[in-house]
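Notes for the one structure printed next.
The values are calculated or read from the model by the stated rules, or taken from the named source; none is laboratory data. Keep in mind the model is a prediction, meaning the values are calculated, not measured. Cβ atoms come from the backbone with ideal geometry, glycine included; neighbour counts cover every protein chain shown.
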Amino acid sequence: MSAQLSEIAVRATAASEAGISGGWLLRRLRSDPLGLLGLSLVLIVVFCGLFADWITPYDPFKINVPDRVMPPSLAHLLGTDKVGRDIFSRVLKGSQIALFVGVTSIVISQLIGLTLGLIAGYAPRWLDNFLLLIFDSIYSFPTVMLGLTVMTLLGPSLQTLMFVVVVIQTPGYGRLVRTATLAKMNSEYILAERSLGAGAIRILARHVLPNIIGPLFILGSMDIPSVITLEAGLTYLGMGIPPPAPSWGRILSEGYDAIREAPWIVVAGGIPLIITTLGFTFLGEALRDLIDPKLRKVV
Amino acid sequence: MAADCVLSVRDLSVDFLSPRGPIHALRRVSLDVPRGSIVGIVGESGSGKSTLSLAAIGLLANNAVVRGGQVLFDGADVLAMNQPQLRDLRGRRMSMVFQDPMTSLNPVLSVGTQMLDIQYRDRALGAADKRRKAAAALRRVGIPDAEQRLDRYPHEFSGGMRQRIAIAMGLLGNPELLIADEPTTALDVTLEAQIIHLLRELRREFKGSILFISHNLGLIAELCDHVVILYAGEVVEQGTVRDIFHRPRHPYTEALLVCDPARIDEVRRELPTIPGDVPNLLEMPAACVFAPRCPKAFDRCRTERPLDHAIGGTQSARCHLATA
């Protein structure tokens, strides 16, 4: 993963040096079918997440025992579960949870990673080494094991889940930002800027930050699906968001219990995960390729 | 020469720490930049030109260690200053133009953003005033449509234009000393001539001093009042342009002049060179640094380190032969 990080950093830096703007990216994206598909999928998921409370046909929490375990029909597009809740509504509501966990925890870990990374890149060697040691120690834990351990210790809840995600994601961003900062600090324009009297904070905020915000953004968009999958996975194992919240992982685990009588529940829980993962991955990869100056010349 | 100097370097020694031991980049270097003059520093690659210029503005790399000496800017020792004092100095009283204009501007910020940003210390000035000042600075270095150009990004300018912008940024705070570290090395010959012309014009206008670093003797002769010849981290000879170019007293200076392609009038298959290599800066001999390559070296040169011999009040050479 860290090889991927540095690769993105290099490409995005090259792109920023070639002077690429957001408008240019959007125009370029139009000629990339897979990227466009990714963008559409992401937009669909985001739309569902933002407007879930208005577009759900039923209350996703409403228990309706007479209508339990109904196969998909026009009334219930994805059928109902064991206590008669409308699964389509629960899937829509679930996109809200998934996006909230995904985006919020990525943003938080990026902010922390950015701060620590800038400090590590600028600070004296010993502090840099200390921060790297922390990053690497967290990195070396298997993700799911770390998640399960912390969730068991602190008890499953939305806050704990997000805490776990932030702890797992921060080192990656910290390392990316540190590497980019180190590279930038050695560039001549930083020296030139210092020779004109700029101080540490000015250099970091005005000159280093704009150079690394691009790769960080792209990496974030590629990390959102893995966070959503992690959330679903932990919830599936009963160590994520507690019921009755309709997390996709919860829908999956409930569907697993009833897989013989109602196989559509598992499918309904799995499809949105696939859509989201593919969407964000296609979009992220398209963005990454678009800012690669080598590929750009070929296109 | 000590009378009224903006910059006065006294016995400066700088080592770089390396895994193989300290590299003696500068050894007891002394030079003066009189107010209002242009002083040129000439030397081969690795002779310590850039180290000297970075030391003057207090921006030596982390692995550099000052072994002794002073860098006096207007009487105050730059090497003893703390960070706030240094920052106060940089940009306002002393600034620097770097070698490669392709890398010395931030690629992701427009030229105007960078030029406005660096005026952050003038709190009294509004954004519009700062912009006007930035545009005026660009006009002063000969960039037309300055007002519109402020919104352009560095990659939209050519190398020569970028170097003009870098100079404009350096002059924005009206410094008393501008350090130009090989400002034309990365440019082609036409642009080089333009930049030199510009520097000469600016010197008349802004009344500051310029420390001009180059390995091009022609440029130095064209632009400077005083010349300092640096060899392997030592000042081997210094004097006025007239002294150095007409009456060089150090064999190294003589050899440099012979090797300058612009001064060769005889058509030959091979260009003259100075035989041998620059000495290893890890272990310096106790004798004359140039002795191994010197055509005039004799026994004393290989055992005894020569002193600086003053010649006629304006010139000095570190050579046993310069006594007379």
Inset, instruction - Taking B:Thr184 as the residue in question, decide whether it is among the hydroxyl-bearing types (Ser, Thr, Tyr) and either at pLDDT 90 or above or over 26 Å from B:Arg35 (Cβ atoms) (or both). - result: no
Legend entry - Residue list for the range A:220-277, restricted to those being more than 16 Å from the chain's Cα centre (by Cα), aliphatic (A, V, I, L, M) and closer than 28 Å to A:Leu154 by Cα: A:Leu237, A:Met239, A:Ile241, A:Ala245, A:Ile251, A:Leu252
Inset, instruction - May I ask you to list the residues in the range B:63-92 that are more than 21 Å from B:Gly233 (Cβ to Cβ), in contact with a strand residue (DSSP E or B) (Cβ under 7 Å, 6 or more places away or on another chain) and surrounded by fewer than 20 Cβ atoms within 10 Å (Cβ to Cβ)? - result: B:Asp74
Inset, instruction - Answer yes or no: is there a residue in the range B:52-75 that is more than 19 Å from B:Val228 (Cβ to Cβ), among the basic types (Lys, Arg), more than 14 Å from every other protein chain (Cβ to nearest Cβ) and in a strand (DSSP E or B). - result: yes
Inset, instruction - Kindly provide the set of residues from the range B:168-186 that are at the interface with chain A (Cβ under 8 Å from one of its Cβ atoms) and surrounded by fewer than 22 Cβ atoms within 10 Å (Cβ to Cβ), ordered by number. - result: B:Gly173
Legend entry - Single condition B:Met115 does not satisfy, out of (1) surrounded by fewer than 17 Cβ atoms within 10 Å (Cβ to Cβ); (2) within 11 Å of another protein chain (Cβ to nearest Cβ): (1)
Inset, instruction - Residues being farther than 30 Å from B:Gly75 by Cβ and aliphatic (A, V, I, L, M): count how many of those fall in the range B:162-197. - result: 8
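Does A:Gly155 meet the test of being at pLDDT below 90 and surrounded by fewer than 17 Cβ atoms within 10 Å (Cβ to Cβ)?
On the way: at pLDDT below 90: yes; surrounded by fewer than 17 Cβ atoms within 10 Å (Cβ to Cβ): yes.
So A:Gly155 fits the description; yes.
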Inset, instruction - Please find, within the range A:182-196, the residue that is farthest from the other protein chains (Cβ to nearest Cβ) out of those that are touching a residue at least 12 places away in the same chain (Cβ under 8 Å) and more than 13 Å from A:Leu132 (Cβ to Cβ). - result: A:Ala183
Legend entry - Check on B:His197, away from chain A (no Cβ under 13 Å) and either under 27 Å from A:Asn211 (Cβ atoms) or under 22 Å from the mean Cα position of the chain (by Cα) (or both): yes
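For every residue, the table says whether it meets (1) free of Cβ contacts under 8 Å to residues at least 40 places away in the same chain; (2) within 14 Å of another protein chain (Cβ to nearest Cβ).
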{"position": "B:Asp145", "(1), (2)": "yes, no"}
{"position": "B:Arg149", "(1), (2)": "yes, no"}
{"position": "B:Glu156", "(1), (2)": "yes, yes"}
{"position": "B:Gly159", "(1), (2)": "no, yes"}
{"position": "B:Gln163", "(1), (2)": "no, yes"}
{"position": "B:Ala166", "(1), (2)": "no, yes"}
Inset, instruction - Give me a count of the residues in the range B:79-104 that are closer than 26 Å to B:Ile165 by Cβ and in a helix (DSSP H, G or I). - result: 4
Inset, instruction - Look through the range B:85-111, keep the residues that are at the interface with another protein chain (Cβ under 7 Å from one of its Cβ atoms) and hydroxyl-bearing (Ser, Thr, Tyr), and return whichever of them is farthest from the chain's Cα centre (by Cα). - result: B:Thr103
Legend entry - Count - residues of the range B:118-135 that are surrounded by 10 or more Cβ atoms within 10 Å (Cβ to Cβ) and either within 14 Å of chain A (Cβ to nearest Cβ) or of a type in the set (Lys, Arg) (or both): 10
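Any residue at all in the range B:247-255 that is more than 27 Å from B:Phe212 (Cα to Cα), of a type in the set (Asp, Glu) and not in a loop (DSSP other than H, G, I, E, B)?
no
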Legend entry - Hits in the range B:8-49 (condition: surrounded by 20 or more Cβ atoms within 10 Å (Cβ to Cβ), more than 19 Å from B:Ser316 (Cα to Cα) and touching an Asp or Glu at 6+ places or on another chain (Cβ under 6 Å)): B:His24
Inset, instruction - Among residues belonging to the range A:251-261 that are touching a helix residue (DSSP H, G or I) at 6+ places or on another chain (Cβ under 8 Å) and surrounded by fewer than 24 Cβ atoms within 10 Å (Cβ to Cβ), point out the one that is farthest from the other protein chains (Cβ to nearest Cβ). - result: A:Ala258
